[in-house]
Amino acid sequence: MIKPYLSELVSDALSATLPEEFKVSIEVPKQAGHGDFATNCSFQLAKHLRKAPPQIAEGLVEEINEKLSAKGITASSLGGFINLKLSSEFIWSRLASQFDDGVTFPEHSEKVLMEYVCANPTGPLHIGHGRWAVIGDVLRRLLLKVGRDVSTENYINDAGNQIKLFRASVEASKKGEAIPEGGYHGAYINELADVEDPVQAMIDSHKKVLGRMDVQFDDWFSELSLHKSGAVDAMLDLLGEKGLSYESEGALWFRSTDYGDDKDRVLKKADGAYTYFAVDIAYHSSKINRGYTRLVDIWGADHHGYINRVKAAVKALSDSSLDVIIGQLVTLFRDGEQVRMSKRTGEIITLEEVLDEIGADALRFFMIQKSADTHLEFDLQLATQQNSENPVYYVQYAHARMCRILEKAEGPGGTLSVDDLSLEDYERSLSLSLLQLYDEIYESANQMQSHRIATYSVSLAKLFHGFYHHCPILKSEGDVQAKRLQLLRWTQLGIKDCLGLLGITAPESM
């Protein structure tokens with residue numbers, strides 16, 4: 001990764017000035033022309049050195065240039081910030097190391113369990129489930145890429161009153177009777193009339209649709225298994241032994257305010273029935289007991305108010321951490337009009353119908369291109385267009401174009417020998433973006449911001465298209481052609497890596 005490497009070089013160069021164990025942080029300037037990379041360490045050091053940041057920056061710039069200019073790194077100051085410029089030779093050397101030798105990410109000992117989708121098996125998956133599935137799956141791929149120990153799980157809500165109503169609704173449809181009050185309606189209920197076990201049939205349907213999106217889970221965990229195994233009662237006994245529960249008004253309560261929640265929560269109602277929260281604590285206790293030290297849950301927007309109480313329970317039971325990602329809703333549009341109903345049934349459009357219409361690649365890209373906490377407006381018409389307005393087509397076409405050029409050029413097979421490493425503007429912009437690829441992957445995984453890979457891939461594709469139009473490759477000769485072919489090969493590898501992380505195919509022709 002380039003940022004930690006630059007941080008180490010600059011920190012070593014400034015070791016005589018910096019406090020012990022101080023590490024210079026490196027970022028990409030927001031404004032063009034302010035250097036390739038930058039650091040605000042002058043502001044961080046102001047209190048320690050008792051000087052103004054611009055004055056500190058001037059001294060640090062002199063040290064950096066004295067120690068690192070021979071390596072291809074030069075510095076300048078602007079308003080207290082220190083901007084770093086990399087030579088073409090330095091950039092090329094780092095790209096060769098990055099793509100030919102590979103990247104090593106920092107090691108982490110945590111054992112991660114991700115839980116997502118978790119739809120009630122009482123109906124077909126909707127488009128929101130699709131978004132949570134893609135967010136979770138891309139994050140899983142990212143965490144695995146950076147070397148984390150990750151498992152995934154889909155929690156099956158196959159117990160409770162909703163399941164009873166679902167079974168009763170199917171049974172009523174089978175007999176031609178009225179659906180019970182609060183029951184389930186729709187064509188799919190009638191379609192389940194001849195099925196032996198409608199709940200298992202819905203689970204199988206969910207697996208099939210998710211499989212079409214290349215979303216699989218290491219385990220499908222049954223809520224019903226918690227009840228049958230006595231895990232809920234065992235958890236309530238454990239909370240009692242730890243002094244974390246108490247009785248009041250005939251009900252059993254959890255002391256969640258002791259762990260950051262705004263009020264205590266009911267575990268068992270006065271009538272003896274478990275609350276959903278009690279079952280959820282038992283489920284998360286199961287995760288902890290299985291040795292997971294970091295829990296990651298992806299929930300729908302309607303669960304936002306549920307976060308603090310579950311975090312309180314995890315904190316009370318263990319040292320494991322819980323991260324919750326809230327996936328906001330998706331609104332579908334076609335021809336500028338909001339899509340509310342299925343053309344086939346006149347009911348709510350299902351995830352499977354969207355898959356049938358636009359395919360898995362487009363669905364996955366559109367589901368992941370914005371931050372999970374942002375409401376997503378999804379243009380179905382745009383997702384099927386084969387032009388630069390469609391981001392997934394734009395990125396895939398860039399990859400296919402690169403493959404076509406490399407095939408015509410019959411190479412390169414390894415790093416080409418290039419004597420003149422000077423980089424023109426479009427070559428340099430593309431090279432600097434490639435240099436940041438694995439920093440982007442690592443930061444996206446650490447910050448659980450899987451949408452950043454989609455954003456980066458579009459940006460990289462745009463830089464490639466600019467490079468392609470302004471820097472002839474096959475018509476160039478000698479060192480120029482060798483340099484551009486090598487840069488093209490590295491870009492193709494970078495785009496392919498991004499598409500793989502997004503779970504999207506990387507076509508070699510289109």
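The values are calculated or read from the model by the stated rules, or taken from the named source; none is laboratory data. Predicted model, so just to flag it, every value in this text is computed and none were measured. A quick note on method: Cβ atoms are made from the backbone with ideal geometry, for glycine too, and the neighbour counts reach across all protein chains shown.
Values for this structure:
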| quantity | calculated |
| --- | --- |
| Meets criteria (modelled with pLDDT under 95, out of contact with any Gly (no Cβ under 9 Å at 6 or more places or on another chain), surrounded by 15 or more Cβ atoms within 10 Å (Cβ to Cβ) and not aromatic (F, W, Y)) for H303 | yes |
| Scan of segment 163-180 for residues that are loosely packed, with under 12 Cβ neighbours inside 10 Å and under 24 Å from M341 (Cβ atoms), ordered by number | A178 |
| Candidate set: segment 139-157, residues that are among the hydrophobic types (A, V, I, L, M, F, W, C) and outside any helix (DSSP H, G or I); chosen: the one farthest from K208 (Cα to Cα) | V146 |
| Checklist (1) of a type outside the set (V, I, T); (2) assigned to a helix (DSSP H, G or I); (3) modelled with pLDDT of 95 or more applied to L252, failing item | (2) |
| The listed residue being within 30 Å of I325 (Cβ to Cβ), touching a residue at least 40 places away in the same chain (Cβ under 8 Å) and among the aromatic types (F, W, Y), out of Y397, Y468, Y426, Y442 | Y442 |
| Hey, F217 in contact (Cβ under 8 Å) with a residue 60 or more places away in the chain, assigned by TED's automatic domain parsing to the domain that holds D158, assigned to a strand (DSSP E or B) and under 16 Å from C118 (Cα atoms) or not | no |
| Failed condition for F277, given (1) assigned to a loop (DSSP other than H, G, I, E, B); (2) surrounded by 14 or more Cβ atoms within 10 Å (Cβ to Cβ) | (1) |
| Residue within segment 103-115 that is among the aromatic types (F, W, Y), buried (at least 20 other Cβ atoms within 10 Å of the Cβ) and more than 30 Å from E347 (Cα to Cα) present | no |
| Filtered residue count, segment 329-354, keeping only those that are under 19 Å from V138 (Cβ atoms) and surrounded by 18 or more Cβ atoms within 10 Å (Cβ to Cβ) | 3 |
| Residue check, D271 out of contact with any Asp or Glu (no Cβ under 9 Å at 6 or more places or on another chain) and under 21 Å from G327 (Cα atoms) | no |
| Verdict on F378 being among the aromatic types (F, W, Y) and under 15 Å from the mean Cα position of the chain (by Cα) | no |
| Total residues in segment 205-214, condition surrounded by 13 or more Cβ atoms within 10 Å (Cβ to Cβ) and part of a helix (DSSP H, G or I) | 6 |
| Boolean, V418 is modelled with pLDDT of 95 or more and either touching a Phe, Trp or Tyr at 6+ places or on another chain (Cβ under 6 Å) or closer than 26 Å to W92 by Cβ (or both) | no |
| In segment 62-82, the residues that are out of contact with any Pro (no Cβ under 8 Å at 6 or more places or on another chain), of a type outside the set (S, T, Y) and farther than 19 Å from K3 by Cβ | E62, E63, N65, E66, A70, L78 |
| Residue identified as touching a residue at least 60 places away in the same chain (Cβ under 8 Å) and of a type outside the set (F, W, Y) among K242, K263 | K242 |
| Hits in segment 468-487 (condition: in a helix (DSSP H, G or I) and surrounded by fewer than 17 Cβ atoms within 10 Å (Cβ to Cβ)) | H469, H470, G478, D479 |
| Tally of residues being surrounded by fewer than 18 Cβ atoms within 10 Å (Cβ to Cβ) and either within 30 Å of the chain's Cα centre (by Cα) or small (G, A, S) (or both) across segment 1-49 | 17 |
| Some residue of segment 442-451 being among the charged types (D, E, K, R), modelled with pLDDT of 95 or more, within 17 Å of G136 (Cα to Cα) and not assigned by TED's automatic domain parsing to the domain that holds A133 | yes |
| Filtered residues of segment 153-194 (kept if in contact with a Phe, Trp or Tyr (Cβ under 8 Å, 6 or more places away or on another chain) and either of a type in the set (G, A, S) or not assigned by TED's automatic domain parsing to the domain that holds I135 (or both)) | G160, S169, G183 |
| Top-ranked residue in segment 419-451 [being part of a helix (DSSP H, G or I) and touching a Cys at 6+ places or on another chain (Cβ under 7 Å); ranked as farthest from Q492 (Cα to Cα)] | Y426 |
| Considering residues of segment 76-106 that are of a type in the set (G, A, S) and free of Cβ contacts under 8 Å to residues at least 60 places away in the same chain only, the residue farthest from I26 (Cα to Cα) | G102 |
